[in-house]
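The values are calculated or read from the model by the stated rules, or taken from the named source; none is laboratory data. Only a predicted model underlies this, so the values are computations on that prediction, with no experimental measurement involved. Here the Cβ positions follow ideal geometry from the backbone for every residue, glycine too, while neighbour counts run over all protein chains shown.
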Ligand code: NDP
Ligand code: MG
């Protein structure tokens, strides 16, 4: 970050500005116009939504992944000073631009990896929402953060909570912080109490109805299958250098405790708050200071009780699959991630059932060869191969 950064508003790039995390980030930024300036906004294909945000926030750059969408955006923004870019190169450019201080990495899925890597290599303050970056390429991404001199702040509410209750400066240093284990909380999703039989008949509309959080469709389905928690176990492994057996998943249906850290002296520290992503976003933007996030006080009398249960990886096999690939290492997590993206997309389109999601992922993992991770290019190739295998599995199983 430039030395005069504190004296002027911080320039913020929001990758995935039209999504739920992107919009929550803009909401927090709008509360602090003297401290943050929207430098660049990006989207995939939703042109009208990005055009409206550009009119409101007047960023220097706007990027659409899709070239035709970028042309449409250019037309909609005719006469404005916003420069419109397109493609992966445009995303990487605004993630690494020399005038950018902060990058919110909030693209969904594997598509977020390369822009997040560009921000890491350019030494930015990265607010990482895109957990798939760490699932696919945890070792390479953490190396790039260190080599680029970037500052990595987790935005996923659980990891942000863990970061808040870790000893200062302990990101990626679990072992020497006196930490015994991480307690990663999970709401349990909308089907926490559903029987195995009921799970077979789950529809996309039911799965999209999360009890506590308003999120994009992919992460909402991941929350219903518990794959989201599985991805978060892998995310915690890389962020906090935590082996799989030091991460325990605790189902906590109220989503008030966002996660906990247990120390060797028996102390357990927790971060609590209303389930509102603006809290971790504000924390990431202002760290180590605190700023108003627009989030109301926690009404403990109304909440009245906090419940805890063990997760059930028989009814929710995605959680077990994620622990398995973490232990396997190498390219296994990238394969799981790609297969999951295809499976979630197929489920949302009504092409496969809810319980086919873990079956498809397991089928792809069984058919794949796991190799050590060597480069981002290799992981992109692995990702593409796994997607092809997932499509083949789908055709075989559904014909
Ligand atoms: P949304 O689906 O709401 O938004 C996704 C954003 O990414 C949109 O701006 C979308 O653009 C853009 N996008 C989609 N595909 C591509 C692509 N191929 N290339 C470039 N941009 C793309 O997702 P969320 O905001 O819910 O989640 C974003 C990330 O944050 C995910 O990784 C999720 O796991 C993580 N996260 C989210 C939380 C939440 O509460 N929502 C909590 C914790 C983590 P367009 O609008 O044009 O499609
Ligand atoms: Mg989370």
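So the values come out like this:
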read-out	value
Residue 52 at pLDDT 95 or above, over 27 Å from residue 8 (Cα atoms) and surrounded by fewer than 16 Cβ atoms within 10 Å (Cβ to Cβ)	no
Hey, residue 234 more than 12 Å from ligand 2 (Cβ to nearest atom), within 18 Å of the chain's Cα centre (by Cα), surrounded by 20 or more Cβ atoms within 10 Å (Cβ to Cβ) and modelled with pLDDT of 95 or more or not	yes
Number of positions in region 122-152 that are part of a helix (DSSP H, G or I), more than 16 Å from ligand 1 (Cβ to nearest atom) and touching a helix residue (DSSP H, G or I) at 6+ places or on another chain (Cβ under 8 Å)	7
Matching residues in region 29-48 - criterion: being in a helix (DSSP H, G or I) and touching a strand residue (DSSP E or B) at 6+ places or on another chain (Cβ under 8 Å)	29, 47
Some residue of region 116-125 being within 30 Å of residue 256 (Cα to Cα) and crowded, with 24+ Cβ neighbours inside 10 Å	yes
Test: residue in region 26-48 that is within 16 Å of ligand 1 (Cβ to nearest atom), surrounded by fewer than 23 Cβ atoms within 10 Å (Cβ to Cβ), modelled with pLDDT under 95 and assigned by TED's automatic domain parsing to the domain that holds residue 125	yes
One residue from 79, 109 being within 10 Å of ligand 1 (Cβ to nearest atom) and at positive phi	109
Any chance residue 83 is surrounded by fewer than 18 Cβ atoms within 10 Å (Cβ to Cβ), outside the structural domain of residue 380 (by TED's automatic domain parsing) and in contact with a strand residue (DSSP E or B) (Cβ under 8 Å, 6 or more places away or on another chain)	yes
Condition met for residue 363 (more than 24 Å from the chain's Cα centre (by Cα) and touching a residue at least 60 places away in the same chain (Cβ under 8 Å))	no
Residues of region 356-371 that turn out to be surrounded by fewer than 18 Cβ atoms within 10 Å (Cβ to Cβ) and not in a helix (DSSP H, G or I), as a count	3
Evaluation of residue 159 against (1) more than 14 Å from ligand 2 (Cβ to nearest atom); (2) in contact with a helix residue (DSSP H, G or I) (Cβ under 6 Å, 6 or more places away or on another chain); (3) within 22 Å of residue 213 (Cβ to Cβ); (4) not in a strand (DSSP E or B) (one fails), failing number	(1)
Qualifying residues in region 49-76 (those that are near ligand 1 (Cβ under 10 Å from one of its atoms) and assigned to a loop (DSSP other than H, G, I, E, B)) - the one nearest to the chain's Cα centre (by Cα)	65
Candidates 280, 288, 217 - the one that is within 16 Å of ligand 1 (Cβ to nearest atom) and either farther than 25 Å from residue 322 by Cβ or surrounded by fewer than 18 Cβ atoms within 10 Å (Cβ to Cβ) (or both)	217
Residue within region 324-334 that is more than 26 Å from residue 244 (Cα to Cα), touching a helix residue (DSSP H, G or I) at 6+ places or on another chain (Cβ under 7 Å), modelled with pLDDT of 95 or more and crowded, with 16+ Cβ neighbours inside 10 Å present	no
Test set (1) within 16 Å of ligand 2 (Cβ to nearest atom); (2) in contact with a helix residue (DSSP H, G or I) (Cβ under 6 Å, 6 or more places away or on another chain) - residue 167 fails condition number	(1)
Any hit, region 229-245, residues being away from ligand 1 (no atom under 16 Å from the Cβ), free of Cβ contacts under 8 Å to residues at least 12 places away in the same chain and touching a strand residue (DSSP E or B) at 6+ places or on another chain (Cβ under 9 Å)	yes
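A quick yes/no check of all residues on (1) closer than 21 Å to residue 154 by Cα; (2) in contact (Cβ under 8 Å) with a residue 24 or more places away in the chain:
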| residue | (1), (2) |
| --- | --- |
| 13 | yes, yes |
| 21 | yes, yes |
| 36 | yes, yes |
| 50 | no, yes |
| 71 | no, no |
| 77 | no, yes |
| 83 | no, no |
| 88 | no, yes |
